[in-house]
Amino acid sequence: MSRETQVAQVTRETVETEAGAARITWHRAGTPRLVLAVSHGAGGGVEARDLQALAAVLPGHGVEVALVEQPWRVAGKKVAPAPKTLDAGWRGIWPAVVASGLPVIAGGRSAGARVACRTAAELGAHAVLALSFPLHPPGRPERSRAGELLGAGRPTLVVQGGNDPFGRPDEFPEDGYELVEVPYGDHGFAVPKRAPVTQEQALEAVTAAVVRWAGSLM
């Protein structure tokens, strides 16, 4: 099913899915109590600043982090496939992330957050982490995807940039999940140089919110 290589506390695993070969990069915790399986968006990979920050911080708080690269990224393609193909890739990696028997948080950024929400109940996720949830296409608030978010059926944390063109925090529905705003952050949690917060502080806001929330789930 898979092959693994290990360097220090990082383990890489290739998993065959119906959508092709996916890759999981594990960031191990010494005494894990939860697993966060988290995938990337349609415009980038697991090198995204927020995903890397979570992988660096969460293992120290008892949360193993599985950074999931969808098959289209592993294959070197530039354009993400249709949502049903993304869902198939995510379903395919699920047996690997639940193999330890620990509760698993389904997570993702942008398109990956939509996948996590759509499949959480079906897969039995313990909770959902939605980073930069794309509530609507930029400039098209009438095309709301709130139904996907509200339909997750699991405790859900949304971490959203204050200036995200895919949905500012004040555009989100009021109930059904917790939302933490990253002030001045855009869709990738980048902040302008003129902002009164630094890029490091913005990422600390992301990791602090997730550490606190994950702790409440243990």
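The values are calculated or read from the model by the stated rules, or taken from the named source; none is laboratory data. Since the structure is predicted, the reported quantities are computational estimates derived from the model, not experimental observations. Cβ: placed from backbone, ideal geometry, glycine included. Neighbour counts: every protein chain shown. With ligands, DNA and RNA removed, areas are computed over all heavy atoms of the protein, side chains included. Shrake-Rupley method; radii C 1.70, N 1.55, O 1.52, S 1.80 Å.
Output the number of residues of region 125-149 satisfying the condition of being over 16 Å from the mean Cα position of the chain (by Cα) and of a type outside the set (D, E, K, R).
The qualifying residues number 8.
Can you name the helices (runs of 4 or more DSSP H) wholly within region 1-119 that have at least 1 residues being in contact with an Asp or Glu (Cβ under 7 Å, 6 or more places away or on another chain)?
Helices (runs of 4 or more DSSP H) meeting the threshold: 83-97.
Please determine, by comparing only the residues of region 53-94 that are among the β-branched types (Val, Ile, Thr) and under 26 Å from Val206 (Cα atoms), which one is most open to solvent (accessible area, probe 1.4 Å).
Among residues in region 53-94 that are among the β-branched types (Val, Ile, Thr) and under 26 Å from Val206 (Cα atoms), the one most open to solvent (accessible area, probe 1.4 Å) is Val57.
How many residues does region 138-186 contain that are open to solvent by less than 20 Å² (accessible area, probe 1.4 Å), among the small types (Gly, Ala, Ser) and either on the phi > 0 side of the Ramachandran plot or part of a strand (DSSP E or B) (or both)?
2
Filter region 33-52 for residues that are in contact with a Ser or Thr (Cβ under 7 Å, 6 or more places away or on another chain) and open to solvent by less than 40 Å² (accessible area, probe 1.4 Å) and give the result.
Within region 33-52, Val35, Gly41, Val46 qualify.
On the basis of being surrounded by 14 or more Cβ atoms within 10 Å (Cβ to Cβ), more than 16 Å from Ala125 (Cα to Cα) and β-branched (Val, Ile, Thr), does Val97 make the cut?
Judged against the criteria, Val97 is not a match.
Say we look at region 120-137 and pick out the residues that are hydrophobic (A, V, I, L, M, F, W, C) and part of a loop (DSSP other than H, G, I, E, B); which of these is farthest from Gly185 (Cα to Cα)?
Ala125
Tally up the residues in region 100-119 that are open to solvent by less than 10 Å² (accessible area, probe 1.4 Å), within 23 Å of Met218 (Cβ to Cβ) and hydrophobic (A, V, I, L, M, F, W, C), please.
Number of matching residues: 6.
Contact list please: Cβ distance under 7 Å, first residue in region 193-218 and among the aromatic types (Phe, Trp, Tyr), second residue open to solvent by less than 20 Å² (accessible area, probe 1.4 Å), pairs at least six apart or on different chains.
Trp213/Leu157
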